[in-house]
Amino acid sequence: MVIVGIDPGVHTGVALWDTSERRLLVVTCCGIVEAMEMLHAFHVSRRISIVSIEDARQRRWIPRERDYRQIKGRAMGAGSVKRDCSVWEEWCRYHGIEFNPIPPRNNRTKLTALQFAGITGYDGRTNEHGRDAAMLVYGI
């Protein structure tokens, strides 16, 4: 069984966790369309069981900003990420894949590459978005 972790945004983090092999198959980052194409191809060949997504729609806290530009920028970014979450939910329903929205506070994020490798044993190249996606599904 394969479970997918998604960290939505302009740079979409994607991770695939194989529950039978107990290992991360893929940890990457790409645009939303490329991520959907990759997952569709993988789903056709191996059947994805669940897509777990860090769901910004469930965020309950907002960090303090220093000035109006920062406030406006964060609000605009948050709105697009929330929309991406809705798109992922629709995509999963369309393909008959279980969708698991996870509140941001319930995910271990912002790990360095060294910390991530130490925890997961994954030795491939990663970035922050891919690592965040992987931590949604690692060890399930």
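FYI, it's all coordinate maths here, none of it is from the lab. Note that the structure is predicted; figures quoted are calculated from it, not measured.
Hey, what number do you get for the chain at 222 nm if only DSSP H runs of n ≥ 4 count, each worth -39500 (n - 2.57), divided across all residues, to the nearest 500? Provide the component values of the computation, followed by the final result.
Values: 4 runs with 61 residues, N = 140.
My calculation for the chain gives -14500 deg cm²/dmol from helical runs alone.
Can you list the residues, at least 5 places off or on another chain, whose amide H is less than 5 Å from the amide H of R23, using H built in the peptide plane?
Under 5 Å from the amide H of R23: D18.
Have a look at the DSSP beta bridges in the chain and tell me what percent are antiparallel, nearest 5. Can you show the working numbers first?
On the way: 13 of 23 bridges.
Here the antiparallel bridges make up roughly 55 percent for the chain.
What list of ³J(HN,Hα) values in whole Hz, one per residue of region 93-103 in order, does the Karplus curve 6.51 cos²θ - 1.76 cosθ + 1.60 (θ = phi - 60°) give from phi, with Gly and Pro shown as x?
Once θ is set to phi - 60°, the couplings for region 93-103 become 4, 4, 8, x, 9, 4, 10, 10, x, 10, x Hz.
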